[in-house]
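Below: the structure, in structure tokens.
No value in this document is a laboratory result; all are computed from the given coordinates. For clarity, every value in this text was computed on a predicted model and none was experimentally measured. Note that each Cβ is placed from the backbone with ideal geometry, even for glycine, and that neighbours are counted across all protein chains shown.
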Ligand code: NDP
Ligand code: GDR
């Protein structure tokens, strides 16, 4: 019989890639979506006829339990969250409700409906924040620097706690930044790829940016959802860091993106304090040794390939809308 999976956040970047991956593996795929006044299924439009959607919200306990009863999953992937770091300063309580307590709501629903379900929690390198070690691995202590990071630390430890308290198969994947043409437009890589494409096509001239010195370990989202799946296939649940092991500054990102279309970033990028954060995460670089050894996982897309892929996708998308 086909395995069944339930994904929260299926309409997001990672949810859409994970749904594709699980369909390819022969899973029956279910996704939880929020009721909105207008549907936002852009990223899953191409697979809508192959997946099952059920309405639910991380704020609503009974909707989560109902979704589990309906979908009868073998595996649950909790990808839903308020995931944009700057918004966590303007909406800190809502961020905690979604990104922290939401995890407990879902874990409780799993525990009561069927504790044998395997559970994946989308943890984040933002938990390392003001980093205590370089590079960061599963043993590195957390020091979050935003309400989002703080919320994710809670989500991580409640997942570990359900594993230890109830002997449930609960895994926390500590994923470093991962991007794609489906990345939300306000995140830095997509903001840059979209801005570069617009400037190249003559639709705008400037790109306003925040801190260019921040360094991130950026990978391709398609690779990272494969790591999530691999984690849930292990006999025993555990925590894993997923990263490329390379770090680049935002300035380097901007340089590579503009150079790809034959432009010099100095001619177009302007600094704007509105995009500078109250507290910054200066440097992230992950050590994926454990994932490589135990999951056999390695990234397949380099930083330059990723930036080029994203700029090309935005050029193609915007060129069609020009004139
Ligand atoms: P996105 O922001 O693209 O997607 C978030 C998803 O969560 C959307 O489908 C959104 O639905 C859904 N959602 C938000 N709030 C609720 C709620 N209250 N109830 C139900 N669904 C909700 O995030 P990504 O795909 O990039 O990331 C997936 C997960 O991984 C997130 O938890 C994120 O914090 C985490 N993460 C991401 C990393 C990255 O680099 N991308 C790195 C490490 C962790 P809607 O479409 O309705 O808004
Ligand atoms: P991040 O991603 O905060 O790392 O969280 P984001 O792309 O928003 O920022 C990365 C870095 O770029 C700097 N930066 C800017 N960022 C944005 N968004 N816009 C700008 O104009 C800009 N200028 C400079 C930021 O200061 C920061 O240092 C992402 C999210 O997906 C989280 O959900 C996830 O958990 C982490 O990655 C790992």
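Roughly what angle does helix 303-321 make with the longest principal axis of the chain, taking Cα atoms, 0 to 90 degrees, to the nearest 10?
80 degrees
Using the Kirkwood radius over C-alpha pairs as Rh, can you work out the diffusion coefficient of segment 46-115 via Stokes-Einstein at 4 °C, viscosity 1.567 mPa s, in µm² per second?
Roughly 98 µm²/s, to the nearest whole number.
Tell me, 95, 140 in order of fewest to most beta-carbon neighbours within 10 Å?
With the fewest neighbours first, 95, 140 line up as 140, 95.
Rounded to the nearest 10 degrees, what's the angle between the helix 221-232 long axis and the longest principal axis of the chain, both from Cα atoms, 0 to 90?
20 degrees
Peptides 241-253, 161-173, 4-16: what's the order by average Cβ count within 10 Å, highest mean first?
Per-residue mean Cβ counts within 10 Å order the peptides as 4-16, 241-253, 161-173.
Per-residue counts of other Cβ atoms within 10 Å, averaged by peptide: what ranking do you get for 224-234, 111-121, 188-198, highest first?
By packing density, highest mean first, the sequence is 188-198, 224-234, 111-121.
Among DSSP bridges having both ends in segment 165-288, what percentage is antiparallel? Round to the nearest 5.
15 percent
Which of rounded, prolate, oblate describes the chain, given a ≥ b ≥ c as roots of the alpha-carbon gyration tensor eigenvalues and a/c under 1.5 marking rounded, otherwise prolate only if a/b is larger than b/c?
Verdict is prolate for the chain.
What's the exposure ranking of 267, 137, going from fewest to most Cβ atoms within 10 Å?
By the 10 Å Cβ count, ascending: 267, 137.
Rounding to the nearest 10 and keeping the result within 0 to 90°, find how far the Cα-based axis of helix 250-260 lies from the longest principal axis of the chain.
The two axes meet at around 70 degrees.
According to the square roots a ≥ b ≥ c of the eigenvalues of the Cα gyration tensor, what is the shape class of segment 68-173, taking rounded for a/c under 1.5, prolate for a/b larger than b/c otherwise, and oblate for the remainder?
Judged from the Cα gyration tensor, segment 68-173 comes out oblate (a/c at least 1.5, b/c at or above a/b).
Test of understanding: ordering 308, 178 by Cβ neighbours within 10 Å, fewest first, what list do you get?
In increasing order of surrounding Cβ atoms, one gets 308, 178.
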